[in-house]
Amino acid sequence: METLWGWLVFGALALSLASAATQDVCQAPDGTNGAAGTPGRPGRPGLKGERGDPGAPGIRTGIRGIKGDEGDPGPPGSPGKMGYPGLSGAMGAPGTPGLKGTKGHPGDINAQPRPAFSAVRRNPPTGGNVVIFDLVVTNEEGRYQSNSGRFVCSVPGHYYFSFQVVSKWDICLSIVSSRKGQSPFSLGFCDLNSKGIFQVLSGSTVLQLQQGDQVWIEKDPVKGRIYQGSEADSVFNGFLIFPST
C-alpha cells in the first residue's frame, strides 16, 4: 500500500514538471509548401450533360467547307409522270390452232337476198347531171329507183356495176357512190368522137357497199350528151356478188 502511494506521488510530480517545461518553450514558424506531386491517373468519364442552346449563326467566309457525313435516307417521293409508250415489240410466234368447230346448218340459197337490176334509157326526164335510165328491165329486191336513176343498197356486200352508153359526141361519164357523212366516190370514163358516128362508152367497177349507200351514173356538164332514139339503147346494170359476213 505504501508502494502504490509512492507511485502516485511520483507521477503527479512528473506531470507538473512537464507542464511547466512546456509553457517555457517558444513555437516555431510554419514551413513552406512542398513540391507538387506527379499527376494522378485520368478519372472515369462523367455523365452526359444536357443539350445546350443553339449557337449563333456562323460568319460566311466564302470558303467552302469540308463535305460532311452522308445523312439518313429521306422518305420516298411521290411517283413521277408516266413516260411515253415504248416501241411496239416484234410479233410473237403464231399460236396453236384452235379446235375444229361444229358443222353449220345447211344454207338455203333461195332464202338469200339477191339484189340485181338492169335499166335502159328511153324517155328520161331532162335536167341535172344524173343519168336516168327510166325503163326497168329487171329489178330484183326493188333497190333501183327509175325516177332518180339511183341504186340504194339494202344488203351490205360487194356489188358489180356496169354501163354502156351510146353517143355521137365527146362524152365523159362517172360511176358515183355515196355514203352518209362522207364525200362521194367516183370513177371517170371518157370517149372522144371527132367523126360524129355512133360510139359506145362503157365502164364497170366492183364496190363494197353498206346499207343505205347509193350508186348512180353522172355525166360531165360539158361533155355529157347521150344519144336518145330507136337505133341504139344505153343501159345501166348492177348486182350483188356476195354479201358481207
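The values are calculated or read from the model by the stated rules, or taken from the named source; none is laboratory data. Since we're looking at a predicted model, the values are computed, not measured. Every residue, glycine among them, receives a Cβ derived from its backbone with ideal geometry; neighbour counts consider all protein chains shown. With ligands, DNA and RNA removed, areas are computed over all heavy atoms of the protein, side chains included. Shrake-Rupley method; radii C 1.70, N 1.55, O 1.52, S 1.80 Å.
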Name the pairs: first residue in the range 48-65 and open to solvent by less than 100 Å² (accessible area, probe 1.4 Å), second residue in a loop (DSSP other than H, G, I, E, B), Cβ to Cβ under 8 Å, at least 6 apart or on different chains? none
Odd one out for LEU187 among (1) touching a Gly at 6+ places or on another chain (Cβ under 8 Å); (2) in contact (Cβ under 8 Å) with a residue 60 or more places away in the chain: (2)
In the range 180-193, which residues are in contact with a strand residue (DSSP E or B) (Cβ under 8 Å, 6 or more places away or on another chain) and more than 15 Å from LYS219 (Cα to Cα)? ASN193
For the range 113-126, what are the residues that are open to solvent by less than 70 Å² (accessible area, probe 1.4 Å) and under 30 Å from THR245 (Cβ atoms)? PRO113, PRO115, ALA116, PHE117, SER118, ALA119
Hey, does the range 181-191 have a residue that's open to solvent by less than 50 Å² (accessible area, probe 1.4 Å) and at pLDDT below 95? yes
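The rows are residues; the columns are (1) at pLDDT 85 or above; (2) closer than 19 Å to ILE241 by Cβ; (3) surrounded by 11 or more Cβ atoms within 10 Å (Cβ to Cβ).
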position	(1), (2), (3)
MET91	yes, no, no
GLY107	no, yes, no
ALA111	no, yes, no
GLY128	yes, no, yes
Within the range 206-227, how many residues turn out to be exposed (fewer than 14 other Cβ atoms within 10 Å of the Cβ) and within 27 Å of PRO156 (Cβ to Cβ)? 5
